[in-house]
Amino acid sequence: MTDTDRARGARELFGARFGGAPDGVWLAPGRANLMGEHTDYNEGYVLPFALGQGVAVAAARGAAGRLALCSRQRPSRETEIALDDLAPGQVTGWAAYPAGVAWALRSAGYRVPGARIAVDSDVPEGAGLSSSAALECATALALTELAGLDVPRAELAGLARRAENDFAGVPSGIMDQSASLLCEPGHALLLDCRSRESSQIPFDPARGGSRLLLINTRARHELTAGEYGRRRAECEQAARLLGVPSLRYLTDEGETGRLSDPVLRRRARHVVTDNARVLCVVALLGSASGAAYPEIGALLTQAHLSLRDDFEISWPEADVAVDAALDAGAFGARMIGGGFGGSVLALVPAGARDVVRAAVTGAFAGRSWTEPGFLETAPSGSARRLSG
Ligand code: GLA
């Protein structure tokens, strides 16, 4: 699907539901994460990149003080809300994300116009590819541009995250919204979640003779389900016991040995080693070494083991997908995102992608699991206005 198709889809929905033409169409991408999982809320490093797939919103100024929302993916759940009535917990389901953005903008003192918003998306949902962050970011861009506001993107990412945390009640970190708003095509985004400084790291696997394959394991993830929050709490407790403001302050894996609780020790070890892996991947991407991609692949697989054994957030379909991909010649593979469902990212030599796909499909079929989905992707651009 091209951006033109995406804009047309949202524009058509807008016309069918609200009548007339929108003032504009905005798109925000989903994301995958190359390295650094559950490091964002520990003030560490992350290295996500934007997907070609995204959430498109066709939007127009509407009746003063009213926000009307509809979505092609949720046809029976149209909502209209008074902006003055917006309060956490008051809107549920998918509409909590765009409504939460209007609430977060208003809470920060920005003037939000009445608006009608039609949403269309080609980010697979429940696949751990941040479709909800993309929805927040597309809405944030649309509402601010409709109001003639120029809010810096890093600030907009913070407000979109606020919508998710404080309005929708999902306790996520800053990675997904930052990726959707700050990534550049052909680059991964190195974000220091403590200083919030970011830099663009050239990342073009195709030039290195490799491909990025996302494997949707079809196991659903649900961040509100409790385990994510539990991991956050464990990390905070580990930091407290070690006397540091956050686990980011640990740079030596050995320091985690001071934790007597083996569970907390494992959680902290994952965070310390994953932060180090982010920096290793950045160094490899900056080197001219022909072995960079195989080495990055090895780090991906190492990260998977850390997420599986130390952080304990992997799931059976992800473990099988990783093993099958490696057996079929992938440079490396790991689960991405919050855990307990969603996608695996595999880095594969260009010539091996069909073999890898077939091997993963076969491994799932052999267990009578739902067939996995595949998405070949390349680092793409951040949220933008498509038309109008
Ligand atoms: C989810 C959250 C992110 C991040 C990842 C794990 O995607 O939304 O903030 O914590 O999980 O790295």
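The values are calculated or read from the model by the stated rules, or taken from the named source; none is laboratory data. Quantities reported herein were computed from a predicted structural model and do not represent experimental measurements. Don't worry about glycine lacking a Cβ; one is built from the backbone with ideal geometry, like all the others, and counts go over all protein chains shown. Just the protein is used for accessible areas: all its heavy atoms, side chains included, with ligands, DNA and RNA removed. Shrake-Rupley method; radii C 1.70, N 1.55, O 1.52, S 1.80 Å.
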Would you be able to tell me the number of residues in the stretch 268-292 that are open to solvent by 50 Å² or more (accessible area, probe 1.4 Å), hydrophobic (A, V, I, L, M, F, W, C) and at pLDDT below 95?
-> 1
Can you tell me which residue within the stretch 123-164, out of those that are closer than 12 Å to Ser178 by Cα, open to solvent by less than 10 Å² (accessible area, probe 1.4 Å) and aliphatic (A, V, I, L, M), is nearest to the ligand (Cβ to nearest atom)?
-> Ala133
Taking the stretch 175-192 and the residues there that are near the ligand (Cβ under 9 Å from one of its atoms) and more than 22 Å from Tyr110 (Cα to Cα), the one that is surrounded by the most Cβ atoms within 10 Å (Cβ to Cβ) would be Asp176
Looking for whichever is away from the ligand (no atom under 14 Å from the Cβ) and closer than 14 Å to Asn42 by Cα here; the options are Ser199, Ser260, Ser195, Ser172. Which one fits?
-> Ser195
Among the residues of the stretch 333-343, is any away from the ligand (no atom under 16 Å from the Cβ) and touching a strand residue (DSSP E or B) at 6+ places or on another chain (Cβ under 8 Å)?
-> yes
Among the residues of the stretch 94-122 satisfying the criterion of being open to solvent by 10 Å² or more (accessible area, probe 1.4 Å) and among the aliphatic types (A, V, I, L, M), which is nearest to Pro22 (Cα to Cα)?
-> Val112
Picking from Glu43, Glu37, which residue would you name as being within 30 Å of Ile313 (Cα to Cα), in contact (Cβ under 8 Å) with a residue 40 or more places away in the chain, open to solvent by 30 Å² or more (accessible area, probe 1.4 Å) and under 26 Å from the mean Cα position of the chain (by Cα)?
-> Glu43
